[in-house]
Structure formats: structure tokens, C-alpha cells
Amino acid sequence: GEEEVPEDTDAMSNIYALGYVDGRDSRNKMRVRFFLPEVTAKLTNTTAVAVKEGGGAKSSNPQKDEDQSRFRAVRNALSAPRSAWYLMHLANMSTIAREWLALHAFPSLPFAHTILSAAPLATSAHSSWELPGPLNAAMAAAYNGSQLAALRAALDKQPITLIQGPPGTGKTRIILSLLSVILHAIPGAKSGHEVDLKRYLDIRDQRKLLTEGESAALLRRSMPWLMGAANPRDAPPLPKDAPRSAQLPEEKAEILGEESYRRTKILVCAPSNSALDEIVLRIMQSGLFGPTGAAYSPTLVRVGVNAHHTVEAVSMDALVRERVGATGEFGFSAEKRFERALERDRVKLAILDEAAVVCSTLSFSGSGMFARMTRQFDVVVIDEAAQAVEPSTLVPLCYGAKQVFLVGDP
């Protein structure tokens, strides 16, 4: 029959349940999900019973009976009219969920085998990169031998690099220089992308110069509308049912020179907000080494919550306010608030795409904001890696990074 709602308020006052906040409908209303399964006929039929000598029977699983009694009591209490419940925040499930997803994505990581085997890849003759001369000289003058060895590890393009240093050895300073090396390294002589300037100049000097008549003929062929032909840009749009045009020829990328290599995008992570803000502050105050060896300020954004006031200027919220404005939403219609939310979301993605260095905690790097970026990260640098649990270090690696640096002191 139908379960009766207990009327004893004292009995209901001792009922507790563990729930999951599924969302908020308003400031004073939230949705809480409970796991309260009901006893079904299938479960009842499959429950083992033990028959006693007296003909009575009792369940062989008293724990299941106790759970069902508890579930029933909670369901009755929740359905009681005018019942009051007190909510206590126990934990945030976002970090746990992101670590769980990262563990499931681990087999698809490009260097999963390196992590499981704990063995570095064989150094390839086509994987070496180099630093511009002025930057290399500035590094050599600023660091000792062991520090330079840690920086040169970024040029070998190994998938995983461990940098260990006791407190006071300048690990944070090394991270800043490591970012400079990653951002400004160029293909070396053995990389397969060698830049031979002398050969280029020889070929340029040997080419045949065009006469004025030949140059004019090439211009007429490339722009026939200047001679009276129809301009394709002025043609009306084709109807929807028009036949598809022939397939366009495949375009091939062409390396034009030393400055044409792809710019690297870096994600810098730390286990805590305080450790992350320390790195961000150092980048803001000291800057990074540029290709000429001089200091410069890279495009930087600090993503996440609880940013320290000293790094507020480069936080995501502050940068969004600069572009969108800080006007409140009081008095706006629901449609207007929705439009402004979409605009803020577009601005956030634009800021992430434009930044050369993005800083985030390990947990927040699993935010859906990063998954919607048009370009993923090439390199991940994790500071205080020994202070983080292993699943949390996998979270920022799920965005296609080809190189990871773990910096810390066990």
C-alpha cells in the first residue's frame, strides 16, 4: 500500500540525507538530488532469505533492509507538508568530477605510454630547437650550469620534463625563464625546418627580374576586371538550389622564413590559488625575456576564482569588465541578461585565444571554458607538482599538449 507520512516531528528531526546540488533556480531556490531508490518487485524477488526452523524467515542481508528503511524515512520526510530542512555544505564535487574525467581521458593522451613506462623517449635528431643569439646570451649570463640545463630541457621537445629544486634555489625564476625559452625557441639546424638565410639570398639574387611589360601582363591576368571583365565580387549570391561548384584545389602551407613558425601557447598551473598568484605576480613584475634578451610583458590572463588583489589587473573578470563594461544588470529583462551573458562568454573565449600565457589552478583547468577554445595549449607547466595528487595533474593535460614540465620539490 501507499506509505504513510509520519506525523512525529521529533522523529523527523533526526533524519539526515546526503544530497548533490544540481543547480539553482534563483537566489533562494536550489535543486538538490538524492539517491533514494524504492524497493521494486524485482529487487524483492531476488533478495535471498534464510528459513528458520520455526517457519519464519528473515533477510540474509540486514544491511540492505536497514538502507531501505532509511530511504523510506527520508522520502516520507521530504514529502511531508511544511517541512523545514537545514543544508550544510560538505564538499565541492567539481574537482572530483574533473579528476574522474581526466582519469578516463588518460589513455588518449599523446604521452600516456611515457607516464606508464616512466622512461623518456629516445632523443631524435629532428627534435632540437634553438634560442635566438641575444636571448641565449642573456640566459647564459643570468643562470648557473644546473639552471641552464633545466632550461635547455625545453629545447629537446621531450614530452615530460621533471625539474626538481629545494626551496630557495629559484624555481619560480626558472619557470619565468622557461616560459621565455618555450615562447621564443626557433627550429634548429637539425629540426627539419632549418632556416638558411645565405641560400635564400643567393636564390633571390639569381632570379630573373621582370620587365615593365611582363609585370603589366601579370597584373592584367590576375585582375581582369580592370580591363572590363566582370568582377566576381559584384556577382549576386547563388540560389540555394544552384549546383555546387567544382572542388577547389588543395592549399598547401608554405614556410616563408624565420618568423613564420607557429607561436606556442602555454598553460601554467599550480595546486593552489596562492601558489598560482605568486607566479602571476612575478610575471607581472619581472616580465619575460624576449628574443633580443630584453624584458617584455607577454599577453597574460589569470583564470579562476579568489584571485589576489595584486594580480587582479590580469584576472579574467577584470579583463572582461574592461571590454564589456561593469554596468549592473538591475532592471534588465531576462532576454537582455541572457544576451549580456552570451557576450561575456564570447569575450572570455577571445581573451583565452589571444593570451600567450594562461594561468589557472589544476582544478579550474578542467572548466568547460577551456574545452571551447579554438586553439588548444601546446605546453603545460605545473608548479609545486609534488604538492598535488596525481589525478589533479592529469586535468590540464587533456587539451592536446605535446610537452609538460613538472616543477617542484618532493
What does the extension gain come out to for residue 20 and residue 72, with contour length at 0.36 nm per residue minus their alpha carbon separation? 16.9 nm
Added length on full extension, which subtracts the Cα-Cα distance from 0.36 nm per residue, residue 28 to residue 321: 102.8 nm
Longer than 25 Å from Cα to Cα, which of 157/265; 171/265; 265/336; 171/402 are they? Say none if no pair is. 265/336
What are the ³J(HN,Hα) couplings of the stretch 361-370, residue after residue, when phi is run through the Karplus curve with 6.51, -1.76, 1.60 and θ = phi - 60°? Round to Hz, x for glycine and proline. 6, 4, 5, 6, 5, x, 5, x, 4, 6
Gyration tensor on Cα atoms of the stretch 262-410, a ≥ b ≥ c root eigenvalues, a/c under 1.5 rounded, else prolate if a/b beats b/c, else oblate, says prolate
For residue 113 and residue 343, what is the calculated FRET efficiency with R₀ set at 41 Å and r taken between the beta-carbons, to the nearest 0.05? 0.40
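Just so you know, all these numbers are worked out from the coordinates, no wet-lab data involved. Computed from a prediction, not measured in an experiment: that's the story for all the values here. Note: ideal-geometry Cβ built from the backbone for every residue, glycine included; neighbour counts use all protein chains shown.
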